[in-house]
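Input: a single structure, listed below in structure tokens.
Coordinate-derived values only; no laboratory data. Predicted model only: the values in this text are computed from it and were never measured. Positions of Cβ are backbone-derived with ideal geometry, glycine not excepted, and every protein chain shown enters the neighbour counts.
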Amino acid sequence: MMFAADCLGVKYGQYAADYRSLVDSQIKTAELFHFDHVSAISDPAREACDCGAAVELYEDQPPALREDAALLADKAILATLHIPDPETAERMSDRIRAVESLRTRVGSEKLVEGWVEGPCAEGADLRGINRLMLDFTDDPGFVEDLFEFVVEMETQFARAQIQAGADIIGVGDAAASLVGPRIYREFVLPYEKKLVSAIHQAGGLVRLHICGNTRKILTGISELGCEMVDLDYPVPLREARVNLGPEQVVAGNLNPVRDLRDGSPQTIAEKLDSCWVEAGPNYIVAAGCEVARGTPSANVLALTEFARRVQL
């Protein structure tokens, strides 16, 4: 995302606020590096912002939610919240316009990706991540009510993006990597399943993105039926393949800084060779997470060159 904005030469605040800048950036980046897809993601604050959460906006970095002023610091407010209409809410509708524009601009040549937040991530955005982690023990009933609200909101948002032309919906649930396997299976997995099922029913594919170390929850992730699962660099691909099964498509897991930004085309190719061996078939070349701002163009192009070589 930030790499794409830099490719076009726009400030990141503009990229996140104006779908036209996002679309232009994505298309230019895809053309420069021969990528197979374009994406409408910019930051995880869109839904929370349209719900009324306090969000800090910056000129040249992503919007950030204010933990000290979380919308649901008072849990009673949840009962008064209404799901924003994704077609008219300011920031959600901007993403829908991005998806529409991307589909028009790329036609059927590239995969168009929309994005929603997962139950744990959006729950943390609304409640505050530290409060949510305590709620799992202190008030599990509230967590379930919160996740029900989130999944319904994200289902509506995902449907709108699919109707606008998205082929695949990314589900970002980064906060889920912070909980252990018991909490994940009891609280998070059922609501991720519900969201994934709703996206499938709407005609979309699903890409699951959980940043960080997901080694302890991989067996749960294997039950979701996502078409694509991202693996961050702390997760060994060989171990992930055992836990996720041979048919699961996985993407990753280059360290975005050490391997990709600070590496060279040669070291990147060597690392990807190892990834290919460990992951086997059903593997997508990718960094473990965001391609960092300042990554040399030759290093990014090395990803495409490796993928083409392996396909041939």
Note on the chain: contact order normalised by length, alpha-carbon pairs under 8 Å, 6 or more apart, percent, works out to 14 percent
Taking Cα pairs closer than 8 Å and at least 6 residues apart, the relative contact order of the range 219-290 in percent is 40 percent
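Relative contact order (percent) for the range 1-131, with alpha-carbon contacts under 8 angstrom and 6 or more residues of separation?
About 30 percent, as a whole number.
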Rounded tilt (10° steps) of 140-164 against the dominant C-alpha axis of the chain: 50 degrees
Specify the angular offset, from 0 to 90 degrees and rounded to the nearest 10, of the alpha carbon long axis of helix 19-33 from the longest principal axis of the alpha carbons in the chain. 30 degrees
At 222 nm, what helix-only mean residue ellipticity would the chain give, in deg cm²/dmol to the nearest 500, using -39500 (n - 2.57) for each DSSP H run of four or more? -15000 deg cm²/dmol
Which of H82, H200, H34, H209 has the fewest other C-beta atoms within 10 Å, and how do the rest follow up to the most? H82, H34, H200, H209
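Which of the trypsin sites (Lys or Arg not before Pro) found in the range 259-312 are in a DSSP loop and have at most 15 neighbouring Cβ atoms, other than their own, within 10 Å?
Sites meeting the loop and neighbour criteria: R293.
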What does the range 17-152 give for Rg and for Dmax, in Å, if only its C-alpha atoms count? 16.8, 50
Sort M1, M92, M133 so that the residue with the fewest other Cβ atoms within 10 Å of its own Cβ comes first and the one with the most comes last. M133, M1, M92
From the list (1) 0.98; (2) 0.95; (3) 1.04, can you say which value of Rg/Rh (Cα atoms, Kirkwood Rh) was derived from the structure given? (2)
Tell me the angle of helix 90-106 to the major Cα principal axis of the chain, expressed in degrees between 0 and 90 and rounded to the nearest ten. 30 degrees
Restricting to aspartates and glutamates and to Cα separations under 15 Å from K271, and discarding same-chain partners fewer than 8 apart, the set is D232, D259, D262, E305
Cross-link reach from K75 to lysines, straight Cα distance under 27 Å and at least 8 residues apart if same chain, gives K193, K194
